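Below is one structure, written out as structure tokens; comments come after it.
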Amino acid sequence: MRTILIFSVLIILILISYGCRTVPKKTGCMRGNCTSGIGTYIWDDGSKYTGGFKNNKMHGQGTFLYPDGTKYIGEFIKGEKHGNGEYTWPSGKRYTGQFINNKMQGKGTINYPDGTKYKGDFKNGLAEGQGVFSWPNGSEYTGEFKNNKMHGHGTITYPDGKTLTGEYVNGVLIGQ
């Protein structure tokens, strides 16, 4: 009986001491200076940022990794993607260009996994303004875009050199 009592007390002490162990920190500032300097910060959702900080916000050059594998490498100002950067999706789609207030804005290029490519103006994260869209077969549209679609005056040039110039509305040619 005494042996069982001693054994039970030992088990309880082991369980208590195991529960009191210091668990390594898995979120927050993991290394460096995440206030105003260079550091690595991990959020509760698993997002991870390594780079510059200013006033407790991402600032300067850095890399942000999202839990789904999406990655941004570039400039940050006051905690937002702002300046030049590269945004890569798990699918292989990649945007390289300018960002303003966390959105693709200004000049940039998107390369798609299927070989298509858009190079031109962006506004609020969408192709908007002048740009060139290229297909893998060598065809190319040069002209105006609105809301990610050919919209306005533009020309499609085919691999054999033939062209089709006209007005597009929401991606559809309506007049030559």
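The values are calculated or read from the model by the stated rules, or taken from the named source; none is laboratory data. None of the values given here were measured: they were computed from a predicted structure. Reconstructed Cβ throughout: ideal geometry from the backbone, glycine too, with neighbour counts over all protein chains shown.
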key: Count of the stretch 62-76 residues which are of a type outside the set (S, T, Y) and out of contact with any strand residue (DSSP E or B) (no Cβ under 6 Å at 6 or more places or on another chain)   = 3
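Residues are listed down the side, and each one gets a yes or a no for (1) surrounded by fewer than 17 Cβ atoms within 10 Å (Cβ to Cβ); (2) more than 30 Å from D45 (Cα to Cα):
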{"position": "L65", "(1), (2)": "yes, no"}
{"position": "G79", "(1), (2)": "yes, no"}
{"position": "S91", "(1), (2)": "yes, no"}
{"position": "Q98", "(1), (2)": "no, no"}
{"position": "Q130", "(1), (2)": "yes, yes"}
{"position": "W135", "(1), (2)": "yes, yes"}
{"position": "D160", "(1), (2)": "yes, yes"}
{"position": "T165", "(1), (2)": "yes, yes"}
{"position": "I174", "(1), (2)": "yes, yes"}
query = Mind checking which residues of the stretch 86-112 are in a strand (DSSP E or B) and over 24 Å from E144 (Cα atoms)?
reply = T88
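Quick grid of which residues meet (1) in contact (Cβ under 8 Å) with a residue 24 or more places away in the chain; (2) under 20 Å from F99 (Cβ atoms); (3) of a type in the set (S, T, Y); (4) part of a strand (DSSP E or B):
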{"residue": "D121", "(1), (2), (3), (4)": "yes, yes, no, yes"}
{"residue": "E128", "(1), (2), (3), (4)": "no, yes, no, yes"}
{"residue": "F133", "(1), (2), (3), (4)": "no, no, no, yes"}
{"residue": "N137", "(1), (2), (3), (4)": "no, no, no, no"}
{"residue": "T142", "(1), (2), (3), (4)": "no, no, yes, yes"}
{"residue": "F145", "(1), (2), (3), (4)": "yes, yes, no, yes"}
{"residue": "I156", "(1), (2), (3), (4)": "no, no, no, yes"}
{"residue": "D160", "(1), (2), (3), (4)": "no, no, no, no"}
{"residue": "L164", "(1), (2), (3), (4)": "no, no, no, yes"}
ask   = Can G125 be described as in contact with a Phe, Trp or Tyr (Cβ under 8 Å, 6 or more places away or on another chain), at pLDDT 95 or above and of a type outside the set (D, E)?
value = no
